[in-house]
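Okay, so here's the structure we're looking at.
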Amino acid sequence: MTRSIIIDCDPGVDDCIALLAALGAPDRFDLKAITVVAGNVPVETCARNARGVLALAGREDIPVYAGCDRPMRVDPEFAEHIHGASGLGDARLPEASVPVSTTHAVDYLCDTLSAAEPGSITLVITGPMTNFATALKRDASIMRGVRELVIMGGAAIEGGNITAHAEFNIYADPDAAKIVLESGCATTLIGLDATLQIRCTPPRMQRLEASGHPACHASAAMISHVNRIYGEVYGADGAALHDPCTIGYLLDPGLFSSKSVSVTVTTSDDEKRGNTALGAECANGVNWVTGLDDDALFDLLVTSMERL
Ligand code: RIB
Ligand code: CA
């Protein structure tokens with residue numbers, strides 16, 4: 001039984017790898033669409049990159065919808081210094097032949113989730129939550145169509161990566177994150193506490209580079225850019241595979257540990273902007289991921305990409 005998913009993302013190096021891992025598992029995922037949002041790079045670049053990933057995977061039958069080109073309130077904050085101006089690091093993806101849809105991503109999310117069977121669609125979010133938050137503000141009843149949210153974002157023990165107190169996806173649009181995390185949707189939130197545990201170490205980079213599969217080669221080219229840029233930060237451990245953790249979680253949740261907690265997002269425009277504070281463990285809280293089996297997860301993601 002495949003799971004219907006929509007991936008809302010800001011590709012971005014690790015977003016592209018998450019997309020490729022999902023596309024390599026058509027027996028598990030019915031990827032209905034990719035929606036993109038301004039984040040790592042401008043939304044137009046995100047749309048081009050999502051289409052390039054689909055062209056690489058031979059899946060241009062999947063539509064791409066461009067969404068919000070700026071956060072709900074704060075000024076845009078891009079991460080081209082990490083992902084490169086292309087958002088793809090050193091990689092070049094095939095030219096897509098199918099254009100981006102003329103429908104706005106927020107309209108697509110509202111229409112699709114409203115029409116969906118109750119609890120039938122899993123929304124994976126690997127960028128700022130602007131698109132889904134805007135859709136929720138327009139029509140909160142769309143939640144009915146959501147099975148669960150699996151989101152890359154936040155930090156607790158790890159502090160932050162864009163500031164000392166915040167992870168990028170939350171910081172980039174804290175108001176959207178607050179709306180989504182307080183929506184009441186069943187949510188698994190995979191923050192830096194977990195994602196920094198899966199790094200692209202030299203042996204793992206060698207495995208990607210030695211693979212005869214285009215998706216792995218493209219991933220290696222993307223990650224090597226981040227490793228070079230961020231080398232002094234990541235050191236020998238290499239870049240973290242943040243966004244692919246969402247797909248890995250859906251493929252094999254047994255590789256992850258988590259706890260149910262309340263999560264409070266700081267939306268004030270001060271040094272704590274975008275902070276995600278965990279409350280006490282509670283029933284029906286956010287499923288906060290605390291750890292993962294990095295060897296098994298890396299193998300799972302590469303094996304999936306090698307099916308393309
Ligand atoms: O903090 C990591 C997150 O920010 C990832 O989603 C990465 O793609 C960037 O968007
Ligand atoms: Ca991302």
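Every read-out reported here was derived from the displayed coordinates using simple, explicitly stated rules and does not represent laboratory data. A quick note: this is a predicted structure, and the numbers were derived from the prediction, not measured. Glycine gets a Cβ as well: all are built from the backbone with ideal geometry, and neighbour counts include every protein chain shown.
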What whole-number volume per residue, in cubic angstrom, does the convex hull of the C-alpha atoms of the range 183-257 give? 125 Å³
Geometric extent, Cα atoms of the range 1-65 - Rg, Dmax (angstrom): 10.9, 36
Set of aspartates and glutamates with alpha-carbon distance to Lys32 below 16 Å, sequence-local pairs under 8 removed: Asp8, Glu60, Asp61, Asp107, Asp111, Glu117, Glu148
Could you work out the relative contact order of the range 24-73? I mean the mean sequence separation of Cα pairs under 8 Å and 6+ apart, divided by the number of residues, in percent. 48 percent
Please report Rg (one decimal) and Dmax (integer) in Å for the Cα set of the chain. 17.4, 50
Beta bridges per DSSP with both ends in the chain, % antiparallel, nearest 5: 30 percent
For the range 53-119 and the range 137-212, compute the distance between their C-alpha centroids and round to whole Å. 16 Å
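Based only on Cα atoms, what mean projected area does the convex hull of the range 90-141 have, in nm²? Don't skip to the answer; put the middle values down first.
Numbers: hull surface 21.5 nm².
The directionally averaged projection comes out at 5.4 nm².
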What aspartates and glutamates could a cross-link reach from Lys272, if we take a straight Cα to Cα line under 18 Å and drop same-chain neighbours fewer than 8 places away? Asp75, Glu77, Glu158, Glu167, Asp173, Asp175, Asp193
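Using a Förster distance of 30 Å, how high is the FRET efficiency between Glu117 and Ser97, based on the Cβ-Cβ distance and rounded to 0.05? Mind showing how you got there, number by number?
Numbers: r = 32 Å, r/R0 = 1.07.
The computed FRET efficiency comes out at 0.40.
Which ordering of His242, His165 is given by a fewest-first count of other beta-carbon atoms within 10 Å?
Listing His242, His165 from fewest to most nearby Cβ atoms yields His165, His242.
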With a Cα-only, solvent-free Debye model of the range 35-158, what are the log10 I(q)/I(0) values at q = 0.15, 0.18, 0.22 Å⁻¹? -0.76, -1.06, -1.36
Any lysines whose Cα falls less than 18 Å from that of Lys137, other than same-chain ones fewer than 8 residues away, would be Lys178
